[in-house]
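Asks: Handing you this structure, nothing more for now.
The values are calculated or read from the model by the stated rules, or taken from the named source; none is laboratory data. Since the structure is predicted, the reported quantities are computational estimates derived from the model, not experimental observations. Note that we place each Cβ from the backbone using ideal geometry, even for glycine, and neighbour counts take in every protein chain shown. In case anyone asks, the SASA skips ligands and DNA or RNA and just uses the protein heavy atoms, side chains included. Shrake-Rupley method; radii C 1.70, N 1.55, O 1.52, S 1.80 Å.
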Amino acid sequence: MARAIWNGALNFGLVTVPVELYSATQDHTVHFRQFQRGTSDRIRYRRVNERTGEEVPYDEIVKGYDLGGDEYVLIEPHELDEIAPGRSRTIDIDAFVDLDEIDPIYFQKTYWLAPAKEEFGRAYSLLIEAMAKTNRAGLARFVMRGKEYIAAVRAGDGVLVLNTLLFPEDIREPRKEISKLPEVGQAREKEVDMAVSLIESMAEEWQPEEYRDTYTERIMQLIEDKRAGRTITPAEEPREATKVVDLFEALSRSIEGRKRGGGQKTEDRAKKSQADEKPRAQDKESKGKATKSRDKQPDLSELTKSELDRMARDLGVKGRSKMNRAELEKAVRDATRRQERRRAS
């Protein structure tokens, strides 16, 4: 059972909800210790004075800020403690922003916010539903473990999610840091169109459970093979980079490959929808129209959000980015009916 790492209150206008903060992620990386090759001797690190070579006790170590030119400002630990922010007891939401406007580069670490007691469940649920409907995140500051954070509070699946955010000064500017970035607009228009077609053909709904940390799995397999004395099989070499002259051909082959086998998931969903479809109580005329409509497209209830979004875009539905899957399905169905009525009139 997870333990709360912070507790206080979430303030939203005049609404105050006592909450507890829980870490929503964990490190699953494989950790190793260091040994000298050919021995079972552990390698350990010591804090050593580089001039005398002698080990220095932890309580005799101070921090130094490098001013350049071997000049430092020395800071005592108690001096840092004296200016550290006090322990915050509140998360005060100052403003709400559209969740889609926050660049993912700012997201740092994810936490869950839970009501401190069951009696606060109603106000807690109110915040989840309101933020889910508006697709907005509350921006707030709070202090945890002696450090100040800026945070985005948003609606999750039945839980309030708090993401600590990086400050703007933490984000580097790529064109100042990387000299090899190409100028915008180097790709030819037909290559861009072909790449867009390939992206659209590979579009699917986000299903994180389909993605695993295969490298960690290979590490654990390596450990097991070595423990059992089995032969180690090296991984395949990575593919060579695509040559510029072959770029268009590579895109074309990719799209053809998707047409032959990559679209199987959508076809399977369409077949399933036809097999599971139940007859509706309609007159002959409306039933005939529904049958024609089903022949043209699969049952909307079987499509992913990405597929519904593409259909909504083709039908000219506005406000798609703020719709959830159910709202997209309804908007596509309504737009399709309007289109069919216009054709019939």
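Asks: Out of Met220, Met194, which single residue is closer than 30 Å to Ile255 by Cβ, of a type outside the set (Val, Ile, Thr) and either open to solvent by less than 70 Å² (accessible area, probe 1.4 Å) or in contact (Cβ under 8 Å) with a residue 40 or more places away in the chain (or both)?
Replies: After ruling out the rest, the residue left standing is Met194.
Asks: Looking only at the stretch 100-122, count how many residues are open to solvent by 30 Å² or more (accessible area, probe 1.4 Å) and either under 14 Å from Ala155 (Cβ atoms) or touching a helix residue (DSSP H, G or I) at 6+ places or on another chain (Cβ under 7 Å) (or both).
Replies: 4
Asks: Then there is this: Which condition breaks for Ser88 when tested against (1) of a type in the set (Gly, Ala, Ser); (2) more than 27 Å from Ile171 (Cβ to Cβ); (3) in a loop (DSSP other than H, G, I, E, B)?
Replies: Of the numbered conditions (1) of a type in the set (Gly, Ala, Ser); (2) more than 27 Å from Ile171 (Cβ to Cβ); (3) in a loop (DSSP other than H, G, I, E, B), the odd one out for Ser88 is (2).
Here's the yes/no breakdown for (1) within 30 Å of Glu118 (Cβ to Cβ); (2) open to solvent by less than 80 Å² (accessible area, probe 1.4 Å); (3) part of a loop (DSSP other than H, G, I, E, B); (4) modelled with pLDDT under 90:
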| position | (1), (2), (3), (4) |
| --- | --- |
| Val19 | yes, yes, no, no |
| Arg46 | no, no, yes, no |
| Glu50 | no, no, yes, no |
| Asp59 | no, no, no, no |
| Tyr65 | no, no, no, no |
| Tyr72 | no, no, no, no |
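Asks: Ile83: at pLDDT below 95, closer than 30 Å to Leu10 by Cβ and open to solvent by less than 60 Å² (accessible area, probe 1.4 Å), yes or no? Steps first, answer last, please.
Replies: Details: at pLDDT below 95: yes; closer than 30 Å to Leu10 by Cβ: yes; open to solvent by less than 60 Å² (accessible area, probe 1.4 Å): no.
Considered against the rule, which asks whether it is at pLDDT below 95, closer than 30 Å to Leu10 by Cβ and open to solvent by less than 60 Å² (accessible area, probe 1.4 Å), Ile83 comes out as no.
Asks: Next up: Which residue is surrounded by the most Cβ atoms within 10 Å (Cβ to Cβ), if the candidates are limited to the stretch 21-44 and must be in contact with an Asp or Glu (Cβ under 9 Å, 6 or more places away or on another chain) and touching a residue at least 40 places away in the same chain (Cβ under 8 Å)? Let's see the steps before the verdict.
Replies: The initial filter retains those residues of the stretch 21-44 that are in contact with an Asp or Glu (Cβ under 9 Å, 6 or more places away or on another chain), namely 28-29, 35.
Narrowing further to those that are touching a residue at least 40 places away in the same chain (Cβ under 8 Å): 28-29.
Numbers: His28: 7, Thr29: 9.
The selected residue is Thr29.
Asks: Go over the candidates Ala187, Ala203 one by one and state the one that is touching a helix residue (DSSP H, G or I) at 6+ places or on another chain (Cβ under 9 Å), over 22 Å from Pro104 (Cα atoms) and aliphatic (A, V, I, L, M).
Replies: On the way: Ala203 fails: over 22 Å from Pro104 (Cα atoms).
Of the residues listed, the single one that is touching a helix residue (DSSP H, G or I) at 6+ places or on another chain (Cβ under 9 Å), over 22 Å from Pro104 (Cα atoms) and aliphatic (A, V, I, L, M) is Ala187.
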